[in-house]
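Participant: The structure under discussion is supplied below as C-alpha cells; questions concerning it will follow.
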Amino acid sequence: MNSDAASRRELRHFCRLYPSWASSMKRLIALQVLLILSALLPTEASFACGCASAKGSLKAQVLAGFDEASAVFSAEVIEVEDFMAGFERFQGARLRVIESWKGAHSPQTTVQTATITECCQCGIKVARGEKLLVYVYGTPPYRLSDCSRTQALGGAAKEIMVLRAVAGKHE
C-alpha cells in the first residue's frame, strides 16, 4: 500500500475520532488564507475616505462651505514637495492666490499647505501648475481635503459666480 494513501487514511480516521480538531484546523487554514489575501490587497483600495455629502442647491452648498471655511480663494500650485513626518506621508504645496473671497490672502500672495496623502485621510494631491478653487479651515499650513469644496478651477465657473455674489454681500 502506498504510504501517502495510508497517511491520508490515518488523518481521516483521526478527524473522525476528533471532529473538533478537524473543524479547528479548517478554521485555522481559512484564517491563514484570509491573512495572505489581505496582505496582497493594496491598503488604499481597502479603505475609503468618508465625508458628509452636501445637500441642497449649488448656492446653498456654496454658502454653507463659505460660512464654514477660514479662507476661500482660487490659486495656482507653484511648488510641490512630498515628505514623511513620523509614519505619515504628506504633500507640501505652495499656492499663489489668484482671487480671494474670504480670508487674509490677497491676489499674488502665497499660501502654504501640508496635506496627509495616505489612505483614508481625504487629502487632495496636487501637481505644479494646477489651478484650484480652495476652501480651507484653521490656520496655515492648510490641509487640502476632499471633504471641502476644494476642486479644479476649470470646473468651478458656476461656483465662482456664486462666490463673487456672496463675497460682495459679506464685505
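The values are calculated or read from the model by the stated rules, or taken from the named source; none is laboratory data. Fair warning: this is a prediction, and the values are worked out from it, not measured in the lab. A quick note on method: Cβ atoms are made from the backbone with ideal geometry, for glycine too, and the neighbour counts reach across all protein chains shown.
Participant: Can you find, within the range 83-101, the residue that is farthest from Ile124 (Cα to Cα) among those that are of a type in the set (D, E, K, R) and modelled with pLDDT under 95?
Facilitator: Glu88
Participant: Exactly one condition in (1) modelled with pLDDT under 95; (2) aliphatic (A, V, I, L, M); (3) part of a strand (DSSP E or B) is false for Ala104; which is it?
Facilitator: All conditions pass for Ala104, except number (3).
Participant: Quick one: how many residues across the range 126-151 are modelled with pLDDT of 95 or more and part of a strand (DSSP E or B)?
Facilitator: Number of matching residues: 8.
Participant: Condition test on Ala71, is it modelled with pLDDT of 80 or more, touching a Lys or Arg at 6+ places or on another chain (Cβ under 8 Å) and assigned by TED's automatic domain parsing to the domain that holds Val134?
Facilitator: Yes: the conditions hold for Ala71.
Participant: When the residues of the range 47-101 are filtered to those that are basic (Lys, Arg) and not in a strand (DSSP E or B), which remaining residue is surrounded by the fewest Cβ atoms within 10 Å (Cβ to Cβ)?
Facilitator: Lys55
Participant: Answer yes or no: is there a residue in the range 125-138 that is more than 23 Å from Leu58 (Cα to Cα), crowded, with 20+ Cβ neighbours inside 10 Å, in contact (Cβ under 8 Å) with a residue 12 or more places away in the chain and under 18 Å from the mean Cα position of the chain (by Cα).
Facilitator: yes
Participant: Okay, moving on. Do we have Val111 as surrounded by 12 or more Cβ atoms within 10 Å (Cβ to Cβ), touching a strand residue (DSSP E or B) at 6+ places or on another chain (Cβ under 6 Å) and not polar (S, T, N, Q) here?
Facilitator: For Val111, the condition - surrounded by 12 or more Cβ atoms within 10 Å (Cβ to Cβ), touching a strand residue (DSSP E or B) at 6+ places or on another chain (Cβ under 6 Å) and not polar (S, T, N, Q) - is met.
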